Amino acid sequence: MTMRRSYGWLVYFGVLSTLSGLAIVLPIIYNLGQQLSSEQLEAARSRWRENGPPDYDLTFTVRHDRDQTRQRYVVRVRSGQVLLATCEGEVLYASVPLSGAIGLPFGSAAESPPWTIERVFERLTGMLAERETTGGRNFLVAVFDPKEGYPRRFVRRIARTSTREEWDLKLWRPGELEREADRYR
């Protein structure tokens, strides 16, 4: 009587090993495909320059690292110039005419220029350049408005650290922000 060898276990472990390998590789490939490229950034910036309004209100939140609290910003831009910028209700910047009208000292309380969409694009450009100097190890993903091109959301994470930066942006037409605030009064 001859003994018959069973190779079923080889097939079982072969399939199991293949599926395990796919479970590791596919998320990596997916994440690499989501990374922001300089072409995507330049296309979005071009859409913004062509279709972006000169007058807008920008609200955005920024969250750093593992902190669950978000800093909330409101920026009013008219004719491409910042009129007022606030963070958590504190005035960071007020234009000279507005400062004089509401009795604030002239100038800015902020150490850097106020955030505008163009400045957010500059921030993304810097993050992209930083990622390229690290060999692409840092994670940077962004979602842009399909019509106007402004960034709606972006997340940056520095490899092998807990450093993370997450921005959520919303663009409002003049008057829309006030109507939205009235809904909650």
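Computed from the coordinates by the stated procedures, all read-outs in this text should not be read as laboratory data. Since we're looking at a predicted model, the values are computed, not measured. Quick reminder, even Gly has a Cβ in these numbers, built from the backbone with ideal geometry, and neighbours come from all protein chains shown.
The simple spin-label model puts a point 7 Å past each Cα toward its Cβ; for ARG49 and THR125 those points are separated by 0.9 nm. Quick check: pseudo-label points 7 Å beyond the Cα along Cα→Cβ at ARG152 and ARG179, how many nm apart are they? Inter-label distance under the simple model: 2.0 nm. Taking R0 as 22 Å, what's the FRET efficiency between THR69 and ALA23 from their Cβ-Cβ distance, rounded to 0.05? That gives a FRET efficiency of 0.05.
As a proxy for reagent exposure, LYS170, LYS147 were ordered by neighbouring Cβ count within 10 angstrom, fewest first; the result is LYS147, LYS170. Our summary gives the chain a relative contact order of 23 percent, counting only alpha carbon pairs under 8 angstrom and 6 or more residues apart.
When chymotrypsin sites (Phe, Trp or Tyr not before Pro) are flagged only if DSSP places them in a loop and at most 14 other Cβ atoms lie within 10 Å, the longest unflagged stretch of the chain comes out as 8-105. Site pair THR59 and ASN31 shows an inter-label distance of 3.2 nm when each label is modelled 7 Å from Cα along Cα→Cβ.
Summing Cβ point charges (Lys, Arg +1; Asp, Glu -1) relative to the Cα centre of the chain gives a dipole of roughly 880 debye.
Which listed residue (SER95, VAL62, SER162) has the Cα farthest towards the positive end of the charge dipole for segment 36-182, taking +1 on Lys and Arg C-beta and -1 on Asp and Glu C-beta about the Cα centre? Of SER95, VAL62, SER162, it is SER162. Can you grab the distance from the C-alpha centre of segment 7-40 to the C-alpha centre of segment 113-185, Å, no decimals? After rounding, the separation between the Cα centres reads 30 Å. Split the chain at each of the GluC sites (Glu not before Pro) in a DSSP loop with at most 13 other beta carbon atoms within 10 Å, and the longest piece is 1-87. A value for Cα extents along the principal axes in Å was derived from the coordinates, and within the list (i) 104, 35, 32; (ii) 52, 32, 24; (iii) 55, 42, 31 it appears as (i).
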